[in-house]
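These notes concern the structure reproduced below.
Nothing in this text is a laboratory measurement; each read-out follows from the coordinates by a stated rule. In this text, all values refer to a predicted model and were calculated from it rather than measured experimentally.
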Amino acid sequence: MTPTITAFERSPDGGQGLARDMRVRWAFEEVGQPYEVRLLSFKAMKEPAHLALHPFGQIPTYEEGDLALFESGAIVFHIAERHAGLLPDDADARASAIAWMFAALTTMEPPIVEREMALILERDEAWHERRLRRLEESVRKRLGELSGRLGDADWLDGGFSAGDLLMVSVLLRLKGSGLLEEVPNLSALRRPRRSPPRLHARLRRPTGGLHRRIGRLTKAHSGPGEERQLGVAGGGKQTLRALATGPGPNSSENAATGRAQGTRTEQAD
Ligand code: GTB
């Protein structure tokens, strides 16, 4: 059965792919699992039908047969458990990759989100600038620590895993802040072209916003004649550092989708 996830009908980011459905879509794309997307208005997200799936009235959710999940991390973990390519088979390596999933969501993401929220909600406060500087220092501290651990490696712990996927999806939220660019090994890294992976071929198909978005994500910061690509299981992989450079400024996630209240379905594959 094809799983269905939910996403914003009209994302407040104007289509930069910053909402948390992006990490779930990316996980599906990595493992080659087709999926459908039900787009929700803000009103529909707070109605009983959606609250039955998500107690907090948020996106993303995941439905497959009798299974209904919420929390992007739990959904990515579920996808990683059901398919090869996102978690190592070796038990110890798997446990380490899962630790990085938690690190992304519980250690890196909170200060990044707190800074974002301060920018959105507290701009008019007299103390805004001082608080923003403090929050930026918290983010810088975590970026520095992450950078120290990554060193010259391509991925956080051996090969690409769901830990890297979640970490990149969190770091992308810093796009435009300038903070990521302060950390050389987390910012753009020019790499030789690798053989086009399966996903790259899928991205060519004009079947939905994700493809355009990931296309931009993977091509962002590429130099002339150089094209970055996102890998799938067994294919050539981007590195954590390269992926963290993020989507371009003109992407069009849900902005190009319908305007009606309620839900509509986006055929993602
Ligand atoms: N812990 C949950 C998870 O990981 O799934 C958090 C889910 C969550 O925060 N969902 C947000 C939501 O539904 C969307 S992702 N918000 C509506 C609500 O709470 O009523 C957060 C988000 C929203 C918008 C942008 N943006 O526009 O840039 C980025 C991220």
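Just a few scattered comments:
- Length gained on full extension, Val113 to Arg82: 8.2 nm, using 0.36 nm per residue less the C-alpha separation.
- Added length on full extension, which subtracts the Cα-Cα distance from 0.36 nm per residue, Arg130 to Glu64: 19.1 nm
- All aspartates and glutamates inside 13 Å of Lys43 as judged from Cα atoms, apart from same-chain residues fewer than 8 positions distant: Glu9
- Potential lengthening of the chain between Met1 and Ala99 amounts to 32.3 nm, from the contour at 0.36 nm per residue minus the alpha-carbon distance.
- For Lys46, a cut-off of 12 angstrom between C-alpha atoms picks up no aspartates and glutamates at all, skipping any fewer than 8 places away in its own chain.
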